[in-house]
Every structure is written in structure tokens, then in C-alpha cells.
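Engineer: I'd like to ask you about the structure that follows.
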Amino acid sequence: MTTLLVLAKAPVAGRVKTRLTPPFRPEEAASLAEAALCDTLAAVLAAPVRRRLLVLDGVPGDWLPAGIEVIPQSGGGLDERLAAAFGLCTGPAVLVGMDTPQLTPRLLAPALAPDAWQGTDAWFGPALDGGFWALGLAAPDPALLLGVPMSVPETGAVQRARLLDAGLVVRDLPPLRDVDTARDATLVAAEAPDSRFAAALGRLAGTGVR
């Protein structure tokens, strides 16, 4: 059975979703981040895994559901924090972020199936902005992430190439859109109209479009 990791920041105004400001105020951006995190954790709770870890930058709040183990995030750049998260695992592990509130157990199902690791060393979920929303490793090795340039258009391509160059057999998950901008927020809410994220955006914008 696989460990499912979520790398996230606590939804504190001024520290999360800063690219949403403007048009949203910092408090509004934080409320959207909290909703996205809640949607993500709900999907994690519904997934058939051995262990569920929230690797958190910040302090847990009342948004944290039961059944999720919380571990503080390490310091350093994003590549170092991702590598450290995988370093917490001794068996197959899949890591996701908090920027895809449209996440569902069905989207993760191929990487969490009983036969997910038969003939497969890694699962890769590309993001539409050039990054990645999910990464799974049969044998977590922090070195596979260290030094990968993060938050640039070529992040996903470099990370996937790193896996292939290491001789790993890589299978892909469906591409998803990260919520980085207000336009992303609108599009993702439309993809997941029943999500907490869509409801939060609707409350802020009145019609769900801002």
C-alpha cells in the first residue's frame, strides 16, 4: 500500500496564493487556499492508501480533518522540500500539492491501484502550466528531485527527464490545471462545481466569476 503525501502551506493571509492578489484581497486569497486544501485533503481521505501525510509549512487549523498525519515541512527551496517529503517514506509514495482542488480519488486511482507499481517505477501528473501536480515513486529517492528548477515553465519537463535519465519506467496521470491566477480559479471551479473551492469562489465573486 502506498503513502499519499500532501505538500502545503497553512492558509494564512499574505502567505498563500499571493498571485491571486489582486484582484482578491489577501484574506480572500487565503480563504480560497483553505477551500482548495480542504478539497485536496478530502480526496486524500477517500483514497485507498496505507498512510496519509500532510507535510505542512505552518500550523494546522480547524480545517484539518481527522485521519491526516501532520509533519512539519523542511526548509530550503521547493526542490529540497519535495525531496525531504519523499525522504519520510520507506515504500511507494505519491505526492500532490494543494493547488488542484479538482483532485479526486478517481484521478489518483491508476497510481494507487493494487497493480500500480507492477512494471512501473514512477507516476507523473503534468500540470498545464508546465509543472507537475503529482509525483509517485516506487522507491522514494530524494536525489531524483534535488536540483530540479521549480516554478518555471520547464519544471515538469526537467523533472520527468530526471526520472527517465535514472532509468525509471514512468507512467502518466491526466494533466490538471493548477490554481495560480484568478483565471485559473474560475476555470478550475467550473471543472469542479461541487467543490468547496467553487463554493468559496462563488461566495467571493457573487456569480463565481470575478
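The values are calculated or read from the model by the stated rules, or taken from the named source; none is laboratory data. Here the structure is a predicted model, which means the values were calculated and not measured. Ideal geometry is used to build each Cβ from the backbone, glycine not excepted, and the neighbour counts take in all protein chains shown. Heavy atoms of the whole protein, side chains included, go into the accessibility calculation; ligands, DNA and RNA do not. Shrake-Rupley method; radii C 1.70, N 1.55, O 1.52, S 1.80 Å.
Engineer: When a/c reaches 1.5 or more, the comparison of a/b and b/c decides; with that in mind, is segment 94-168 rounded, prolate or oblate per its Cα gyration tensor?
Structural biologist: Working: a/c = 2.08, a/b = 1.09, b/c = 1.91.
Taking the square roots of the gyration eigenvalues as a ≥ b ≥ c, segment 94-168 is oblate.
Engineer: Taking the solvent-accessible surface of protein heavy atoms with a 1.4 Å probe, what is the per residue accessible area of the chain in Å²? Provide the component values of the computation, followed by the final result.
Structural biologist: Numbers: 9240 Å² over 210 residues.
Per residue, the chain has 44 Å² of solvent-accessible surface.
Engineer: How large is the dipole of the chain about the Cα centre if only Lys and Arg carry +1 and Asp and Glu carry -1, each at its Cβ, rounded to the nearest 20 debye?
Structural biologist: On the way: 18 positive and 22 negative charges, 58 e Å.
Value, rounded to 20: 280 debye.
Engineer: Express in whole angstrom the spacing between the alpha-carbon centres of segment 143-161 and segment 3-41.
Structural biologist: Answer, in whole Å: 23.
Engineer: Treating only the Cβ atoms of Lys and Arg (+1) and Asp and Glu (-1) as charged, compute the dipole magnitude of segment 52-171 about its Cα centre; round to the nearest 20 debye.
Structural biologist: On the way: 6 positive and 12 negative charges, 50 e Å.
The dipole of segment 52-171 has a size of about 240 debye.
Engineer: Stretched out fully, how many nm does the piece from Thr18 to Leu78 gain, at 0.36 nm a residue minus the Cα gap? Mind dumping the intermediate values first?
Structural biologist: Values: separation 60, 0.36 × 60 = 21.60 nm, distance 1.63 nm.
Length gained, Thr18 through Leu78: 20.0 nm.
Engineer: Moving on to the next point. Convex hull over the Cα atoms of segment 33-131, averaged projected area in nm²? Working shown, then result.
Structural biologist: Details: hull surface 27.6 nm².
Averaged projected hull area, Cα only: 6.9 nm².
Engineer: Shifting gears a bit: Carbon-plus-sulfur fraction of the accessible area of the chain, 1.4 Å probe, in percent? Working shown, then result.
Structural biologist: On the way: 5110 of 9240 Å².
Carbon and sulfur atoms account for 55 percent of the accessible area of the chain.
Engineer: Say each of Glu191 and Leu128 gets a label point 7 Å from the Cα, pointing the same way as Cα to Cβ; how far apart are those two points in nm?
Structural biologist: Taking the two extended label points, one gets 0.6 nm.
Engineer: Something else now. Considering amide H positions built from the backbone, and no H for Pro or chain starts, which residues 5 or more places from Ala134, or on another chain, come under 5 Å of its amide H?
Structural biologist: Amide H to amide H, under 5 Å and 5 or more residues apart or across chains, Ala134 pairs with Gly125.
Engineer: Another question about this same structure. Which whole-Hz ³J(HN,Hα) couplings does segment 31-46 yield from phi under the Karplus relation 6.51 cos²θ - 1.76 cosθ + 1.60, θ = phi - 60°, glycine and proline marked x?
Structural biologist: After applying 6.51 cos²θ - 1.76 cosθ + 1.60, I find 5, 5, 4, 4, 5, 4, 5, 4, 4, 4, 5, 5, 5, 5, 5, 8 Hz.
Engineer: Also: Stretch Ala161-Val70 to full length: gain in nm at 0.36 nm per residue minus the Cα-Cα span? All intermediate terms of the calculation are to be shown ahead of the outcome.
Structural biologist: Working: separation 91, 0.36 × 91 = 32.76 nm, distance 3.07 nm.
Here the answer is 29.7 nm.
Engineer: Select from Ala199, Pro110, Leu78 the residue farthest towards the positive end of the dipole of the chain; place +1 on Cβ of Lys and Arg, -1 on Cβ of Asp and Glu, and compute about the Cα centre.
Structural biologist: Of the candidates, Ala199 comes out farthest on the positive side.
Engineer: To the nearest 0.05, how large is the calculated FRET efficiency for Ala199 and Met1 if R₀ is 35 Å and r is the Cβ-Cβ distance?
Structural biologist: Working: r = 32 Å, r/R0 = 0.92.
Efficiency computed from Cβ-Cβ geometry: 0.65.
Engineer: Rounded to whole Hz and in sequence order, give me ³J(HN,Hα) for segment 93-101 from the Karplus expression 6.51 cos²θ - 1.76 cosθ + 1.60, θ = phi - 60°, writing x for Gly and Pro.
Structural biologist: 9, 10, 10, 10, x, 10, 9, 10, x
Engineer: Once fully extended, how much extra length lies between Thr90 and Val152, figured as 0.36 nm per residue of separation less the alpha-carbon to alpha-carbon distance? Don't skip to the answer; put the middle values down first.
Structural biologist: Numbers: separation 62, 0.36 × 62 = 22.32 nm, distance 2.95 nm.
Roughly 19.4 nm would be gained on extension.
Engineer: Report the label-to-label distance for Ala143 and Val170 in nanometres (one decimal), using points 7 Å from each Cα along the Cα→Cβ vector.
Structural biologist: Simple spin-label model gives 1.8 nm for this pair.
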